[in-house]
Structure formats: structure tokens, C-alpha cells
1. Once amide H atoms are placed 1.01 Å from N in the peptide plane, what residues at a sequence separation of 5 or more from residue A:15, or on another chain, have their amide H within under 5 Å of its amide H?
2. Please compute, over every Cα-Cα pair in the range A:61-158, the percentage with a separation greater than 24 angstrom.
3. Helix-only estimate, please: 222 nm mean residue ellipticity of chain A, summing -39500 (n - 2.57) across DSSP H runs of length 4 or more and dividing by its residues, to the nearest 500.
4. Just want the ordering: A:153, A:72, A:266, A:118, from fewest to most Cβ atoms lying within 10 Å of their own Cβ.
5. Among A:285, A:183, A:41, which one shows the highest mean-square fluctuation when chain A is modelled as a Gaussian network with alpha-carbon springs under 10 Å?
6. Could you work out how far helix A:81-93 tilts from the main Cα principal axis of chain A, as a 0 to 90 degree angle to the nearest 10?
7. Between residue A:260 and residue A:322, what FRET efficiency follows from the Cβ-Cβ distance if R0 is 30 Å, with the result rounded to 0.05?
8. Take every Cα-Cα distance within chain A, group them into 10 Å bins from 0 onward, and report for each bin the whole-number percent of pairs it holds.
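What follows draws every value from the coordinates through simple rules; no lab data is involved. Remember, predicted model here, so these are calculated numbers, not experimental data. In this analysis, Cβ positions are derived from the backbone assuming ideal geometry, glycine residues included, and neighbour counts consider all displayed protein chains.
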Amino acid sequence: MSDIKVVTRFAPSPTGFMHVGGVRTALYAWLLARKNQGTFILRIEDTDKEREVEGSIEHIKESLKWLGLNWDDFCIQSERLDIYKKYADRLLEKGFAYSDGGALRFKIIEKKRTQWHDLVWGDLSAGEEALEDFILIKSDGYPTYNFAHIVDDIEMGVTHVVRGQEFISSTPKFLSVYEALGITPPFFVTTPPILGEKGTKKLSKRDGAKDILDYKKEGYLPETMINYLAFLGFNPGGEREVYTPEELIKVFDLSKIQRSGAKWSDDKLNWMNKEHMKLLPLKEIEKNIFEFLSEDMRNPKLVPIIFERISKWGEVKDMVERGELDFFFNLPSVPKEKLVYKNSTPEKTTSNLKLAVQALQNIDEDNFTAENVKSALMLIAETLPKRGELLHPVRYALSGLDNSPDPFIIAYILGKNETLSRLQKAF
RNA sequence: GGCCCUAUCGUCUAACGGUUAGGACAACGGGUUUUCAAUCCGUUAAUCGCAGUUCGAUUCUGCGUAGGGUCACCA
């Protein structure tokens, strides 16, 4: 493998959006090409004009671009009909094809058992019943997949055919075409299926498989999708699981691709996304979070408390919708009884709040950081039977929420004036 | 149904015939804490079944079972 130039391709038909199964096939082909400094081709297989969906090609390109799966060459099968014709004529001349009701059919000369090797599945074989005369060129003039992909792979010098396991059964047919043409077939790299989260069925569009670009909309990182998808059916060994695309290229190894189907797990995907989010520089994190916030909410001070509560950018929107950030922008309503910590009393609560105000007044506006607020408040809190007798009312007075970030960071975000104002309103 | 293929914790997986069968996600419990989040520590949990080969099988073989793929003028 080291002495040949590796050429791989991703060959989708433009029948709609790309889902994760297609993406992973593309990913493995891309990884293989990049690992070997080879070529990765994007080829649109649009020979079924009935099933074609307008806009699919752009959609596929956009998906691959988002994921960073850059291609070196691009072609569309419907623009290459003369080439298929040329190959068809050759088969016709040699007696390997015949006309049949306006179509051109491949003629199986010898029905025999077929054996071949797959780089993932090892040695495979199929009985002679797998071979039957099949259509090369349809009566509408377009070639079938069975024929067109072989011609293209030959013409483009594809060395490794990476595709899903649904093609294993027809491989004997493909091999007989190669044989008729007198051409050595490429290496076959067959990928395992991805199964739906609930059932055991192969993940399909009908089965609820999502458009890969939906994951973009929800705020997943492309490197997460690459990492997760690569590991759904592949594992380089070792215990590490978080890899950047570049690192993945280094450790990718065909022989370590799984053969059995793997179930999709949103839980693991979310965990992995958070891991990749943590790898990002703060600036980048801020930018992504702000995209889901209205302009008036884009306060950099808010970024840390939001970041630790999300596992994908889209959850920023959820936080906003649940009103979890409201108190930073609007005065919360604070029922007096909610201020009281556990077994404490309203009287103690009020006096503690007054102590807090006194302590915070002594901090300069310029030094009103979460750390300074914390040390000032802790000084008082430590003198009480329970720290909560001070910290809870302060937190509640500032947020008006049962669950919120800690009082120190809230005070810092609100600033000295607003903090003091809210505390004073509470007693 | 015929043909082809697959089979390790609930899930993703590791273990060139010899390991207390490892890791991660999830779940559960605990530490830290004023609540949530984050974080740290820990616990449960698997070799589909039956034979065979072998001193020894997760690993090799056969059968069964379960699951997947495919049997188009779709890809």
C-alpha cells in the first residue's frame, strides 16, 4: 500500500440530505486518503433522475465543508455518459453484453463461486446464485450504479473503494465486470452499519436519521462529529477517546474498523462535544455562545457561567428560554420567605443581609471581582453556625431563583451598585 | 425463504490462546459546596448457548440462537 498512490472517493447520490451513515463512509475514505497523502474525490452519482432531489449536491458539499472533509476532485456522473457508452461498447464487442428491451445487459459467461478479499471483513465469498445478468445501461440511456461506479473508479484510478456493507452482496457482479474488462479490481473497504438509538435497524432517513447539518444547527462542533463518527465502528486501541481530526488521521487504521453495527448514542456524543468545546480558546467559546444570545445579552462576564452549563452551543438558547439568565437583565421578584435558609429565621436573615451590605460597601467598584466578593462574604459566613445563613439569602436576593450560579459570580456580573441595591431591597 | 456476514458490561469498545476480562458514556453512591452547574473519588455491570481442539479458550472449529445486509432498468 505504501508504494501506490492512494485514491479514494465518496460517491453519494443526490437524493436528499446527508445523514451520519453517509458521513462516516465519507470520513473513512477521507481519512484513508489523507493518511497516505492520497487523493479524495467527491463524485455525484446522479444516474437515477427520478429519485434526484434538487439542491442535494449543494447540500452535500456544504455538509462536507462544514466537517472539513475537503475533496481534491469533483465530478458528476450525468456529465460523463459518453465514457460509460465507450465502456459499454467495449463489453458489447467482446460479447459480455447484449441488448434487452432497450436496455443493455451484462452477460454472465460463467456462473461460478466468487471469492475476494475485503480490507475490513477479510476473505469473503458468495455462491454462483449471486451472479445473474444485470443491467448496465438503462433504457433511458443512463448507466446503473453497478456499471457506472466501476467505470469511474477505473477512469479515476481509485485504489480503495470505501462503502457500506449493503454492497457486499453485489460484489461478485462487480468483479465479473472487472474481469470482462481485463482490469484488476481495487481494494474493497466495507464499513459496518450504524444502527438507530432505539431499535436494531440500520439508521436510515425514514428511521429518524438526521441531516448532518442539523447537528450544526444544534451547535455541535464539526470535530466532535468527526471524532464520534470515527469511533463508532473504529478504535485505534488504547484508552484515549478524544482526538482532533489531525490526530485521527495519524492513528487511522483500516484493520481496526469494526464489522458489526454500532448503535448511535446522543449521550456519548454530547459528552464528547463538551470535551471538544473545552479544547477551544476562550475567544472562540465566547463567539459561539454569543451567536445564540440576542445582542443586548452579549456580556462577556456571562460566558463562564453559561459555558459550564451546556454541552452544545444550542443549549444557550434553552437556558434563555428557561429564563435562567433573566435575573442578570431584569430585577427578579424575591419573596421574603424564600430568603430564609433552612432552619434560620427572618430576623437572622435580615441582619445577615445587612452585614453583607456593609462588607461589600467596603470593596472599591474597580475591585468588585468574584474573588473579592467571596473573601468578604466568607469572612462573615464563617462566623455563623451555617454559612448558608448568609450565602443563601444573598444568592436568592440577587437571583430570585432556587437554582442559580453562586452569589459571588452573580455579584461580580451585576456590579457593585446593582448588587447593593438588590440586597437592600431584600430587607 | 436462499445467499453473505456479525456476536464482550444498558451503549461505544480494549484484550498477537494464559489479564482479578481494561477504558469511556450512561446509571447509581459519595467528597467538595449556599442551590444548580462544574469538578474529584467510588460502585454496579459483559465474553449469546452447546459441543469440540488445547495443559489452557473472549480469542480456533462445528452446530444452534439472535441480529444485520442483499436478492431492481435504486444506489
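1. Correct list: A:53.
2. That tail contains 39 percent of the Cα-Cα pairs.
3. Numbers: 18 runs with 183 residues, N = 427.
Calculated at 222 nm, the ellipticity per residue is -12500 deg cm²/dmol.
4. Ranked by crowding around the Cβ, least crowded first: A:266, A:72, A:118, A:153.
5. Result: A:183 has the largest fluctuation of those listed.
6. That works out to roughly 30 degrees.
7. Working: r = 40 Å, r/R0 = 1.33.
In this case the efficiency is close to 0.15.
8. Computed distribution, short to long bins: 4, 17, 21, 17, 12, 10, 8, 6, 4, 1, 0.
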